[in-house]
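The values are calculated or read from the model by the stated rules, or taken from the named source; none is laboratory data. On a predicted model such as this, the values are computed, not experimentally measured, just so you know. In this analysis, Cβ positions are derived from the backbone assuming ideal geometry, glycine residues included, and neighbour counts consider all displayed protein chains. Note: accessible area is taken over every heavy atom of the protein model, side chains too, but ligands, DNA and RNA are not part of it. Shrake-Rupley method; radii C 1.70, N 1.55, O 1.52, S 1.80 Å.
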Amino acid sequence: MDIVLEKKRFTKSRVTLIIGSVLLLSLLIFVIMATGGNSKLNVNKDRITISEVQEGVFQENIPVGGIVMPVTTIYLDALEGGRVEEILVEDGAVMKKGDPILRLSNTDLELSLINQETSVYNLLTQMQISQNAARQNTINRLNQMTDVENELIEAERKYVLNKKLYEQKAVGRQEFQESENNYQYQQKRKVLADQILKEDSISSRGELSQARSSYVRTQSALELMRRKVEDLVVKAPVDGQLTSLDAEIGQSKNKGERLGQLDVLSGFKVRVDIDEHYVSRIYNGQNGTFLFNGNRYGLTIKKVYTQVTNGKFQVDMEFKKEMPKGIRRGQSLQILLGLSDEKQAVLIPKGGFFQQSGGNWIFKLADDGKTAYRVDVQLGSQNTEYYEVLSGLQPGDKVVTSSYDTYGDKQELKIKQ
């Protein structure tokens, strides 16, 4: 006779499954009870940042970096190409206007100077010879003029005398006619001699003027060539400090090549790099501040360079009042550049909350300080320290400004001491 075996109600696997389910359910109930439900979350007070909403002076600004530079920098370029023969000063030397810096040599240029000087001397000698010849020619013309005038006087005397004698029938008509013809001839010679002398004088003056003009031009060319040779000695154009001198003995430099620069020591400016995002909001006269040796100093934008390179453009800023003592060329400054005028506004300190809320909401503490509720807000401009509150909060309100990374979509925070 078969024996009916009673089927077990709880197998080992079933018991394990039931125990696991109970533990999971217990854990879920615990979490729900611990967090106060789906819309609440318990947080420790010492692990969050609570800030007070306040009213104060607000100015929108951005942090930018700047480099201290001389107000004026003069670049030194090779006016003439040549070989570096001598370096007379070291990089960093303080120069006076006209002090020599280095000397180049250029044999072609020096040979051209010699040829130009020879041309000037030859032209001067030729001009002197021409002047002497013109002077001698004038003397000869004057001597000829004297002879013509003397012969005219003699011919006139004979003509007048023979005319009287002819009228008195003391001489014949033939002799009178000869004296009259000779007198008329000498008159024509005198007119011709006057014309020749006048034209010769004009010609001599023209040739002399042309020779002098040619000499002046050649002399000017010689002076220019001399200056070109003098430019082989590079000199300081103004008082200042020599920086970035790039030259070595024996090195060849082409005409126009950069040799270095001279920084005028009358003062400094600050060259600032700004993100291209702000190019439309930057203009001359905007102000900025920076800290130096524990003191805050002011700067004003003097010039804007709108050309964008690698996502940035540059501006030059000058010191508003006094320049900090001890500041040096090449120093880096961290500057707060104002983008708006100062105004009264409701403010909250900047914090990590903005990354999750986007500035559209924030956790505001209740009066007892034990609970924080999510409220809608509207934020405006910002600077390095504060957000401007346009609506949703009032001065004196306290808010949680630390990060909301772990809060999810919770609507309420229970703050534990």
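Looking only at region 324-336, which residues are exposed (fewer than 15 other Cβ atoms within 10 Å of the Cβ) and not small (G, A, S)?
Selection gives K325, R328, R329, Q334.
So, K269, is that one modelled with pLDDT under 90 and either within 19 Å of R103 (Cα to Cα) or among the charged types (D, E, K, R) (or both) or not? No; evaluated as a whole, the condition is false for this residue. Within region 387-417, restricting attention to residues that are in contact with a Ser or Thr (Cβ under 7 Å, 6 or more places away or on another chain) and among the acidic types (D, E), the residue that is surrounded by the fewest Cβ atoms within 10 Å (Cβ to Cβ) is E412. Restricting attention to region 365-387, the residues that are in a loop (DSSP other than H, G, I, E, B) and over 22 Å from Q59 (Cα atoms) total 5. Just one of the listed residues (R205, R189, R296) is more than 30 Å from E80 (Cβ to Cβ) and touching a residue at least 24 places away in the same chain (Cβ under 8 Å), namely R189. Which condition breaks for A247 when tested against (1) crowded, with 17+ Cβ neighbours inside 10 Å; (2) in a strand (DSSP E or B); (3) small (G, A, S)? Checking A247 against (1) crowded, with 17+ Cβ neighbours inside 10 Å; (2) in a strand (DSSP E or B); (3) small (G, A, S), the one that fails is (2). Can you tell me which residue in region 88-103 is farthest from E230 (Cα to Cα), limited to those that are not hydrophobic (A, V, I, L, M, F, W, C) and not in a strand (DSSP E or B)? By that ranking, first place goes to G92.
For (1) surrounded by 14 or more Cβ atoms within 10 Å (Cβ to Cβ); (2) without any contact (Cβ under 8 Å) to a residue 24 or more places away in the chain; (3) over 60 Å from the mean Cα position of the chain (by Cα), each residue gets a yes or a no:
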{"position": "Q128", "(1), (2), (3)": "no, yes, no"}
{"position": "A134", "(1), (2), (3)": "yes, no, no"}
{"position": "N140", "(1), (2), (3)": "no, yes, yes"}
{"position": "E149", "(1), (2), (3)": "yes, no, yes"}
{"position": "L152", "(1), (2), (3)": "yes, no, yes"}
{"position": "E156", "(1), (2), (3)": "yes, no, yes"}
{"position": "Y159", "(1), (2), (3)": "yes, no, yes"}
{"position": "K164", "(1), (2), (3)": "no, yes, yes"}
{"position": "V171", "(1), (2), (3)": "yes, yes, yes"}
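Per this entry, N310 is counted among residues that are on the phi > 0 side of the Ramachandran plot, open to solvent by 20 Å² or more (accessible area, probe 1.4 Å) and not acidic (D, E). The residue pairs whose first member lies in region 399-414 and is over 12 Å from Q355 (Cα atoms), whose second member is of a type in the set (K, R) and at pLDDT below 90, and whose beta carbons are closer than 9 Å, counting only pairs six or more residues apart or on different chains, are K410/K40; Q411/K40; E412/K40; L413/K40; K414/K40; K414/K370.
The set of residues in region 261-272 being of a type outside the set (G, A, S) and open to solvent by less than 70 Å² (accessible area, probe 1.4 Å) consists of Q261, L262, D263, V264, F268, K269, V270, R271, V272. If I filter region 51-63 for residues that are over 30 Å from M323 (Cα atoms), modelled with pLDDT under 90 and open to solvent by 60 Å² or more (accessible area, probe 1.4 Å), do I get at least one hit? Among the residues of region 51-63, not one is over 30 Å from M323 (Cα atoms), modelled with pLDDT under 90 and open to solvent by 60 Å² or more (accessible area, probe 1.4 Å), which makes the answer no.
The residues in region 365-386 that are open to solvent by less than 70 Å² (accessible area, probe 1.4 Å) and either over 48 Å from the mean Cα position of the chain (by Cα) or within 25 Å of N44 (Cα to Cα) (or both) can be counted, and the count is 8.
Is it true that V234 is without any contact (Cβ under 8 Å) to a residue 40 or more places away in the chain, open to solvent by less than 80 Å² (accessible area, probe 1.4 Å) and not acidic (D, E)?
No.
For region 179-228, a residue qualifies if it is aromatic (F, W, Y) and touching a helix residue (DSSP H, G or I) at 6+ places or on another chain (Cβ under 7 Å), and the qualifying residues are Y183, Y215. Contact map, region 66-87: residues that are in contact (Cβ under 8 Å) with a residue 12 or more places away in the chain and in a strand (DSSP E or B) paired with residues that are open to solvent by 20 Å² or more (accessible area, probe 1.4 Å) and among the aromatic types (F, W, Y), Cβ distance under 9 Å, separation 6+ or inter-chain. Pairs shown: V68/F268; M69/F268; P70/F268; V71/F268.
The set of residues in region 322-342 that are at pLDDT below 90 and among the small types (G, A, S) comprises G326, G330, S340. In summary, L109 fulfils each of the numbered conditions (1) open to solvent by 40 Å² or more (accessible area, probe 1.4 Å); (2) not in a strand (DSSP E or B) with the single exception of condition (1). The single condition from (1) of a type in the set (A, V, I, L, M); (2) within 30 Å of E322 (Cα to Cα); (3) touching a residue at least 40 places away in the same chain (Cβ under 8 Å) that L222 fails is (2).
If you take the residues of region 337-364 that are outside any loop (DSSP other than H, G, I, E, B) and either closer than 27 Å to V279 by Cβ or hydroxyl-bearing (S, T, Y) (or both), which of them is most open to solvent (accessible area, probe 1.4 Å)?
Restricting to residues being outside any loop (DSSP other than H, G, I, E, B) and either closer than 27 Å to V279 by Cβ or hydroxyl-bearing (S, T, Y) (or both), the top hit is Q355.
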